[in-house]
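Engineer: Here it is, the structure, as structure tokens.
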Amino acid sequence: MDLDDTPDQGAYRAQVRAWLDQNKHSAPVLQGEGALTDEDEIVAARRAWQGKLAEAGLAGVTWPKEFGGQSLGPIEQVICNQEIARAKVPGILDAIGVGMLGPTIIAHGTDEQKTRYLGPMLHGDEVWCQLFSEPAAGSDLAAVQTRARQQDDGSWRLTGQKVWTTNAQFASYGLLLARTDSDVPKHKGMTMFIVPMDAEGVTVRGLRQISGEAEFNEVFFDDVALEEGAVVGGVGNGWGTALTTLMYERVTIGLGGEGMGYNSTRFAAAIAGDEAARRDPEVRHQLGEIASELLAVRFTGYRTLTALQKGQIPGPEAGLAKVTIVNGAIRAGDLIADVLGPDALDEDSDWAYMISFLPGLKSAGGTEEILRNTIGERVLGLPPEPRLDKGIPFSELRSKEGAAA
Amino acid sequence: MNLALSDEQVFLREAARGALSRFKTVEAAREALDSDQSALPDLWPMATEAGWPGLLIDDAHGGAGLDVFDAMLVLGECGRVLAGVPLLGHLPATAILGSGSAGDGLLAPLASGEKRAAYLPAEPPGELEARWTCDPARGLARAELPAVGADGTVTGHVAFVPDAPGADVLVGVGIKDGSPVGFAVEAGAAGLEVEQVMRYDSTRKLGHVTLAGTPATILDASADDLASAWYLAQALIAAESIGSVETALDVAVAYAKERHTFGRAIGSYQAVKHSLTEVLRQLDNGRSLLYYAGWARNGSPGEFPLAASAARSVSGRALDFAARAMISVHGGIGATWEHDAPLYFRRAQLSRRLLGGSSGATDRVAGELLAGAAT
């Protein structure tokens, strides 16, 4: 049992660290003195930085060499992430594209799609977004209503709305899950498409959250024309293709660990400066409970890495770590605000943003309730909820829902 | 990066499970509640045969020289079936004796299991508490450790000592000239009294230990080694608790699959399913912290207090939650004498109050982190 690098991993780490030491001066500054403030400048600088990382082999580490990657394993990706964090430089801008959407195209795309899209994605020349969730299809993703209709010439017309779309405001392309057949049960009638975000009929609108910032977007599609070659993974196979993306999402989260900065050391430091708080039994008890669970997640992450190193893919139980992190951070924000008072809620404090961000994060990647359903059924083997949508054509399901309302 | 069980560790765990399966430990726990603790099977011969007494003693002294994590695996198996194998007392005692040379003479019979030791739990100073302390017989105030006189005799009182009744050697920490010092006293020594006490959980043999001018072997273990024994005991009871959580979850899940109400298996209801996934979440966190503690003991000794305390804190809460969920999933029958659930519940309530208590460990986690943040 150890947390050490093997000799090969150590050599790889040294190589990554050496490159970062030499090149970190050219990384964009996002915090502190001299930080960029203009949104467009930040995006431009981060795209350029992603290009440099890609050329150095520090982006898409697990991608096959033929698509510009390094054909290395997840552990090397983690080493890379750790060294980037250690160098205090930003990682790649398009983590969603490179981490989840690119691997989906590699798994299900045509040769033409791979040749056309993967290189510019990896280098940050074209940023991607994930167009899966809809206002009425989040946890129940297979309920998507965005509709693609095939034309006589084989091309498609797309109409509908997506939501929670990170990076849509500057993305070049999106990977979109649409309904293409409403007369079959809902998991069967879907197809995955590549959508150019500058196509006519695509409208992106920022969605402001509790913090006041717009990290997500709503994206509207009004009779958008798509080429026949925009289909990824075959017509009617959209669900299977989407599951690949979601599997890579779990891997990405598994590799990310405590990347969001929700860790026990940082939370303890916020309290340690207050002499009364550090002697208060209730504050100490709360901190001890929160910190213990967050420490557990760190080691759950190491266990996941060990499994990844052995070629095992994280299952749905990985969602439990997310539940622990989010709820732990919510409790920590609450405790820190109790200790610091209203100043913790000042716009400039370290905590106001976190406190505002977490209620939404609770539902990100599936609500806590749906995660617990999935884990209960797939990990514990408990019987599923009775479902009213099994085997029923999507169109009939929709009319049933209408009648019930 | 390797945070998985080795083949040898898997074998050790399976062998422990097999050895324990030869005894009806859960049934015995129930019987002992109605009669007395003599109804419990004597598991020490089995433990001796399996080599557990010498787990943490090096080969030079006849032990297996294994790691703390290996011992934790064995305790986890004991916890699964509520087996009262007196390792919680024995293993930290052998760790103290093995960390110096003054206790060498005692080690060989303890390694073979010919003799059995018990550890008198002594909590090292913390961020707010400057003294070494031990559990009080009653109440919240921590108690003073026994005093070691200039003549090498020990005088004092230590309450709720796991596995003390019937132990051949008691190993503890006393205060001599203001500093902690390890000592060992043998059964039958003058002024030594061990009063057997049973509280709520029949599987635990506890003793109130009184020493009155008792002659002792003064040990040369360092203060760090003496402190480490406390955290070792925390890690062991954490591992044992997580084993009990595993059983509580398995039994509750099995019942939730077979029991039907309103035409559905109750496990299909979200209220039941979410409660059981919460047990799994706490179990998984506890397991990860066992790895942390097991790794830190050798891999990063400075973190061992934090790791072992965090493991204790999470596992204590997990066991309480799991035992309550086990009862509620079964409905009324889960709260009756017929069922095993009350035995796990009793285990949970007592375990959480021994060895400084799991909330003491929670406070220790905060203290370690706050002290670290201040420097």
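Engineer: Quick one: which of B:VAL314, B:VAL329, B:VAL253 is under 26 Å from B:LEU73 (Cα atoms), among the β-branched types (Val, Ile, Thr), part of a helix (DSSP H, G or I) and in contact with a Ser or Thr (Cβ under 9 Å, 6 or more places away or on another chain)?
Structural biologist: Just one listed residue meets the conditions, B:VAL314.
Engineer: Hey, another quick one. Tell me, which residue of segment A:320-368 that is hydrophobic (A, V, I, L, M, F, W, C) and not in a helix (DSSP H, G or I) is farthest from A:ARG378 (Cα to Cα)?
Structural biologist: If we take residues in segment A:320-368 being hydrophobic (A, V, I, L, M, F, W, C) and not in a helix (DSSP H, G or I), then A:TRP351 is farthest from A:ARG378 (Cα to Cα).
Engineer: Do any helices (runs of 4 or more DSSP H) entirely within segment A:1-103 hold 3 or more residues that are over 30 Å from B:SER300 (Cβ atoms), at pLDDT 90 or above and among the charged types (D, E, K, R), and if so, which?
Structural biologist: A:39-55
Engineer: If you check B:ASP7 against the conditions, is it more than 30 Å from A:GLN312 (Cβ to Cβ), among the charged types (D, E, K, R) and free of Cβ contacts under 8 Å to residues at least 24 places away in the same chain?
Structural biologist: Here the answer is no, as B:ASP7 does not meet what is asked.
Engineer: Okay, next question. Tell me which residues, restricted to segment A:224-256, are at pLDDT below 95 and touching a Lys or Arg at 6+ places or on another chain (Cβ under 7 Å).
Structural biologist: A:ILE253
Engineer: Output the residues belonging to segment A:158-181 that are more than 18 Å from A:VAL204 (Cα to Cα) and in contact with a strand residue (DSSP E or B) (Cβ under 6 Å, 6 or more places away or on another chain).
Structural biologist: A:ARG179, A:THR180
Engineer: Given B:ALA233, B:ALA229, B:ALA252, B:ALA238, which one is more than 22 Å from B:LEU319 (Cβ to Cβ), within 29 Å of the chain's Cα centre (by Cα), more than 9 Å from every other protein chain (Cβ to nearest Cβ) and modelled with pLDDT of 95 or more?
Structural biologist: B:ALA229
Engineer: On the basis of being touching a residue at least 12 places away in the same chain (Cβ under 8 Å), of a type outside the set (Lys, Arg), within 14 Å of chain A (Cβ to nearest Cβ) and assigned to a helix (DSSP H, G or I), does B:LEU369 make the cut?
Structural biologist: yes
Engineer: Still on this structure, please answer the following. Restricting attention to segment B:204-247, which residues are in a strand (DSSP E or B) and either at positive phi or of a type in the set (A, V, I, L, M) (or both)?
Structural biologist: If the condition is that a residue be in a strand (DSSP E or B) and either at positive phi or of a type in the set (A, V, I, L, M) (or both), then B:LEU206, B:VAL209, B:LEU211, B:ALA212, B:GLY213, B:ILE218 are the ones that fit.
Engineer: For B:LEU88, indicate whether it is touching a Leu at 6+ places or on another chain (Cβ under 6 Å), within 21 Å of B:ALA221 (Cβ to Cβ) and either within 14 Å of chain A (Cβ to nearest Cβ) or surrounded by fewer than 23 Cβ atoms within 10 Å (Cβ to Cβ) (or both).
Structural biologist: no
Engineer: Right, something else. Looking at B:LEU306, B:LEU290, B:LEU319, which one is crowded, with 24+ Cβ neighbours inside 10 Å and over 28 Å from A:ARG372 (Cβ atoms)?
Structural biologist: B:LEU306
Engineer: Would you tally the residues in segment B:275-309 being small (Gly, Ala, Ser), within 9 Å of chain A (Cβ to nearest Cβ) and either under 16 Å from the mean Cα position of the chain (by Cα) or in a loop (DSSP other than H, G, I, E, B) (or both)?
Structural biologist: Selection size over segment B:275-309: 5.
Engineer: Give me the pairs, please: first residue somewhere in segment A:293-307 and closer than 16 Å to B:ALA308 by Cβ and more than 7 Å from chain B (Cβ to nearest Cβ), second residue anywhere and polar (S, T, N, Q) and surrounded by fewer than 24 Cβ atoms within 10 Å (Cβ to Cβ), beta-carbon distance under 9 Å, and either six or more positions apart or on two chains.
Structural biologist: If the second residue must be polar (S, T, N, Q) and surrounded by fewer than 24 Cβ atoms within 10 Å (Cβ to Cβ), the pairs left are A:ARG298/A:ASN263.
Engineer: Can A:GLY333 be described as more than 10 Å from every other protein chain (Cβ to nearest Cβ), without any contact (Cβ under 8 Å) to a residue 60 or more places away in the chain and buried (at least 20 other Cβ atoms within 10 Å of the Cβ)?
Structural biologist: The answer is yes for A:GLY333.
Engineer: Just name the residue that is nearest to B:PRO124 (Cα to Cα) out of those in segment B:134-165 that are in contact (Cβ under 8 Å) with a residue 60 or more places away in the chain and assigned to a loop (DSSP other than H, G, I, E, B).
Structural biologist: In this case the residue turns out to be B:ASP135.
Engineer: Still on this structure: Condition check: within 14 Å of chain A (Cβ to nearest Cβ), out of contact with any strand residue (DSSP E or B) (no Cβ under 7 Å at 6 or more places or on another chain) and surrounded by fewer than 19 Cβ atoms within 10 Å (Cβ to Cβ). Does B:ALA4 satisfy that?
Structural biologist: yes
Engineer: Out of the strands (runs of 3 or more DSSP E) lying entirely within segment A:152-225, which hold 2 or more residues that are out of contact with any Leu (no Cβ under 6 Å at 6 or more places or on another chain) and free of Cβ contacts under 8 Å to residues at least 24 places away in the same chain?
Structural biologist: Of the strands (runs of 3 or more DSSP E) lying wholly inside segment A:152-225, those with at least 2 residues that are out of contact with any Leu (no Cβ under 6 Å at 6 or more places or on another chain) and free of Cβ contacts under 8 Å to residues at least 24 places away in the same chain span A:202-207.
Engineer: From the list B:ALA93, B:ALA64, B:ALA47, B:ALA71, exactly one residue is of a type in the set (Gly, Ala, Ser), modelled with pLDDT of 95 or more and part of a loop (DSSP other than H, G, I, E, B). Which is it?
Structural biologist: Only one candidate passes the filter, namely B:ALA64.
Engineer: In segment B:96-128, how many are among the acidic types (Asp, Glu) and modelled with pLDDT of 95 or more?
Structural biologist: 2
The values are calculated or read from the model by the stated rules, or taken from the named source; none is laboratory data. Remember, predicted model here, so these are calculated numbers, not experimental data. We place every Cβ from the backbone using ideal geometry, glycine too, and count neighbours over all the protein chains shown.
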